[in-house]
1. Restricting the search to the stretch B:211-231, which residues are out of contact with any Asp or Glu (no Cβ under 9 Å at 6 or more places or on another chain) and either in a helix (DSSP H, G or I) or farther than 13 Å from B:T186 by Cβ (or both)?
2. Here's a check for you: in the stretch A:228-272, which residue that is buried (at least 17 other Cβ atoms within 10 Å of the Cβ) and small (G, A, S) is farthest from A:R416 (Cα to Cα)?
3. Can you tell me how many residues within the stretch A:369-384 are part of a strand (DSSP E or B) and charged (D, E, K, R)?
4. Report the residue count in the stretch B:273-295 for those that are surrounded by fewer than 24 Cβ atoms within 10 Å (Cβ to Cβ), among the hydroxyl-bearing types (S, T, Y) and within 10 Å of chain A (Cβ to nearest Cβ).
5. Would the stretch B:253-263 turn up any residue that is at pLDDT 95 or above and within 14 Å of another protein chain (Cβ to nearest Cβ)?
6. I'd like to know if the stretch A:221-232 contains one or more residues that are modelled with pLDDT under 95, over 25 Å from A:K28 (Cβ atoms) and at the interface with another protein chain (Cβ under 10 Å from one of its Cβ atoms).
7. For B:N114, which of the numbered conditions (1) under 27 Å from B:E4 (Cα atoms); (2) surrounded by 21 or more Cβ atoms within 10 Å (Cβ to Cβ) fails to hold?
2 protein chains.
Amino acid sequence: MIAEILATGDEIRSGTLVDSNSAHIAQKLEETGVPVVRHHSVGDDIPVMGSVLREIGLRADICVVTGGLGPTSDDLTAEAAADAAGVSLIQSPEALEMVESFFRTFHRPITASNIKQSYLPDGSTCLPNPIGTAPGFMMKLGRCLFFFLPGVPVEMRRMLSESVLPRIETLIGGVLQVCRVKTLTTFGLTESLTGEKLKGFSTVFPEIQLGFRAKFPEIQVKFYVRGTDAEKVEMLIREANDWVAEKLGHKLISADGQSMEAVVGRLLSQQQSTIAVAESCTGGLIANWLTNVAGSSDYFLYSGVVYANQAKVSLLGVSQDTLNRHGAVHEATAGEMALRVRQITGATYGLSTSGIAGPGGGTDEKPVGTVCIGLATPNDVRAYRFHYRFRSREMNKQMFAMMALDMLRLELLGIRPASLS
Amino acid sequence: MIAEILATGDEIRSGTLVDSNSAHIAQKLEETGVPVVRHHSVGDDIPVMGSVLREIGLRADICVVTGGLGPTSDDLTAEAAADAAGVSLIQSPEALEMVESFFRTFHRPITASNIKQSYLPDGSTCLPNPIGTAPGFMMKLGRCLFFFLPGVPVEMRRMLSESVLPRIETLIGGVLQVCRVKTLTTFGLTESLTGEKLKGFSTVFPEIQLGFRAKFPEIQVKFYVRGTDAEKVEMLIREANDWVAEKLGHKLISADGQSMEAVVGRLLSQQQSTIAVAESCTGGLIANWLTNVAGSSDYFLYSGVVYANQAKVSLLGVSQDTLNRHGAVHEATAGEMALRVRQITGATYGLSTSGIAGPGGGTDEKPVGTVCIGLATPNDVRAYRFHYRFRSREMNKQMFAMMALDMLRLELLGIRPASLS
């Protein structure tokens with residue numbers, strides 16, 4: 001049994017609106033055990049809609065269609081479906097009752113254009129919409145059972161889970177498949193190097209489809225598994241997870257989709273440690289990421305975004321002498337920033353960044369993309385220099401901030417910089 | 001001339017990833033004057049990709065395909081295209097040179113899987129990728145000219161505008177229509193209230209299609225205009241711009257797509273003023289936004305992300321008495337934070353936030369979504385309290401930060417809070 005998805009509407013066709021409905025429907029169908037093979041989008045155009053409906057009718061077993069069931073003149077889906085089936089639109093008593101009761105409940109006057117919504121293709125079955133005025137419907141076209149739902153995401157989601165998925169589960173009966181997607185988050189290798197490290201995966205785990213996704217600056221590794229035995233699928237995923245973890249080592253940040261800042265936060269909490277940050281080139285991004293994690297006030301004390309050199313001296317206490325001798329972008333300055341922010345806050349760890357995010361400010365010796373990261377721990381102060389070549393200021397900031405958090409993560413895991421590579 | 005769009009990849013097919021590339025491509029094609037009729041998505045599956053490519057080849061004049069050009073084992077698009085055309089993959093000298101020069105520039109080792117990326121369908125033309133390792137290509141299949149681009153949005157967008165759209169413009173030659181999209185950025189009204197304020201627009205400007213887009217927390221107002229006389233189109237846009245500006249007043253942030261932080265930065269530069277920030281609930285987000293603007297070191301001096309109360313007292317100099325009497329989330333505290341950060345940095349303006357982003361930390365008196373914003377100017381200190389009802393911590397942080405920057409923007413424009421509404 002295979003499924004396709006069709007999103008209708010000029011806004012999606014012309015790109016004014018990003019279609020997020022189809023991704024939601026695909027996820028739900030896959031979870032139910034029905035593989036989705038194709039998605040389509042077309043505009044509010046009866047002949048085009050009709051031809052794509054007929055095409056899908058030749059190919060798929062199930063299709064979920066969204067959009068075009070509203071009361072206005074550009075809502076043409078019921079008409080297109082009737083056209084494709086060679087039937088006419090007739091008033092559905094259930095649909096009329098639904099629309100009328102919606103307006104009764106909300107004490108709103110019913111209009112002629114709302115009455116229009118009760119006309120469905122002859123032979124179709126009405127699907128109730130508990131939270132909106134547009135009833136859905138289902139009907140067979142060719143070999144395929146079509147479910148027509150409104151495009152408003154909250155209505156579509158409700159009707160999908162209440163009216164569509166239970167019917168599909170009944171249809172597929174005993175042969176229900178388990179479909180699992182697992183996401184592992186990595187940082188520190190390019191996508192191609194990540195792929196190289198995992199060479200041989202498909203020989204060891206032929207049942208698992210492997211995917212990669214660059215979610216800058218992280219790379220996600222994904223497992224797609226399908227099977228009839230849920231326990232076996234879970235075991236397979238655990239084994240594959242261990243295999244990948246061994247290959248990637250400390251480049252694997254999390255095996256449950258957690259972001260870098262969530263992982264760092266969890267480690268700080270577990271170790272009852274606190275963090276304070278001194279940010280120059282990252283401009284508050286490290287603090288922003290850390291404080292996006294709920295509960296971060298337990299371990300995040302302070303970040304001084306000391307953008308101006310004057311602020312580094314007067315507010316953080318970096319010595320003017322260090323700045324004069326080495327400049328702001330230097331291991332010595334970064335180390336002193338980390339040390340000072342740790343001292344003035346009493347945090348367990350002090351973390352700092354100083355670098356050149358661009359587009360201006362680069363020199364031959366310290367080109368755009370250079371960053372120095374300082375880390376002060378209860379035992380020592382260390383500083384590192386890295387160099388990146390992204391053209392965008394925002395990408396440089398993100399990479400600098402991620403690298404700084406990774407230094408802290410490795411420290412919290414007890415991995416020493418000697419083994420960084 | 002009609003266009004279709006194809007997005008490839010198991011993540012999109014299975015709904016793990018929402019496809020935003022297709023909307024971007026549709027918008028750009030429509031702006032160029034080529035109507036988009038259909039979008040498709042399929043997974044990383046050579047026979048399925050091949051059959052959809054052949055179908056499109058029978059129907060469309062132009063098709064833009066994204067995804068599957070990377071170095072890993074799930075990148076199968078070039079193979080599927082060669083298959084559909086009945087040709088083999090051969091190494092493209094231009095593509096090889098591009099990949100090699102990318103790795104030379106970045107001093108990174110080239111791998112066998114990157115070399116794979118230089119194999120393109122025989123007879124295709126390589127399209128350069130200036131910011132990534134995956135070359136694109138174009139080739140004819142059936143009656144349709146296909147452009148194959150990588151799925152990474154930043155690479156796809158760059159190649160679309162540099163390699164694809166100019167070629168399409170040449171193809172459509174003399175019949176070129178002027179298609180202009182103008183974006184106005186607003187803040188402070190909901191999408192429906194913005195719509196209400198602009199009621200009557202289409203009567204005054206029937207030639208312009210009006211669009212709204214929520215780009216949280218900003219709302220964008222868009223004009224879509226098509227015509228053959230470029231000068232006339234520009235004049236029309238200017239008139240419509242003035243009409244909208246009058247209706248929206250100071251809710252209109254910019255008429256050229258500039259973000260809030262860029263507008264604030266421009267005003268600070270023009271007035272040779274500087275800014276320092278004390279952030280509690282926004283956790284560095286204001287600093288991060290401000291420092292995303294190139295050249296912000298001219299006016300941005302410092303942000304103290306004083307998350308812990310201890311940091312507010314010891315690092316910023318907020319009086320313990322104020323905190324004891326009013327708590328952290330209060331106009332008195334926010335005002336003192338703004339005043340103190342202005343004093344310790346010598347900035348022209350001090351801006352502060354203190355609030356409850358959630359999900360925890362709310363009380364009956366100060367529920368989640370409460371924020372106090374302080375603004376210290378050369379003449380006075382003011383503080384405001386706002387309340388929002390977003391469920392997400394990140395949305396609250398964004399709204400708080402945007403509201404604080406808006407307070408500063410209005411001050412820089414000489415608009416007094418009495419007229420805030």
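The values are calculated or read from the model by the stated rules, or taken from the named source; none is laboratory data. Here the structure is a predicted model, which means the values were calculated and not measured. Don't worry about glycine lacking a Cβ; one is built from the backbone with ideal geometry, like all the others, and counts go over all protein chains shown.
1. Hits for the stretch B:211-231 are B:F223, B:T228, B:D229, B:A230, B:E231.
2. That would be A:A240.
3. Step one: filter the stretch A:369-384 for residues part of a strand (DSSP E or B), giving A:370-376, A:381-384.
Restricting the remaining residues to those that are charged (D, E, K, R) gives A:382.
Of the residues in the stretch A:369-384, 1 are part of a strand (DSSP E or B) and charged (D, E, K, R).
4. Pass one, the stretch B:273-295, residues surrounded by fewer than 24 Cβ atoms within 10 Å (Cβ to Cβ): B:273-274, B:292-295.
With among the hydroxyl-bearing types (S, T, Y) added as a condition, the list becomes B:273-274.
Imposing the further condition that a residue be within 10 Å of chain A (Cβ to nearest Cβ) reduces the set to B:274.
Total satisfying the criteria: 1.
5. yes
6. So far as the stretch A:221-232 goes, no, none of its residues is modelled with pLDDT under 95, over 25 Å from A:K28 (Cβ atoms) and at the interface with another protein chain (Cβ under 10 Å from one of its Cβ atoms).
7. So B:N114 meets the others, but not (1).
Here's the yes/no breakdown for (1) farther than 15 Å from A:A328 by Cα; (2) in a strand (DSSP E or B):
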position	(1), (2)
A:P359	yes, no
A:T363	no, no
A:P367	no, no
A:F386	no, yes
A:Q398	yes, no
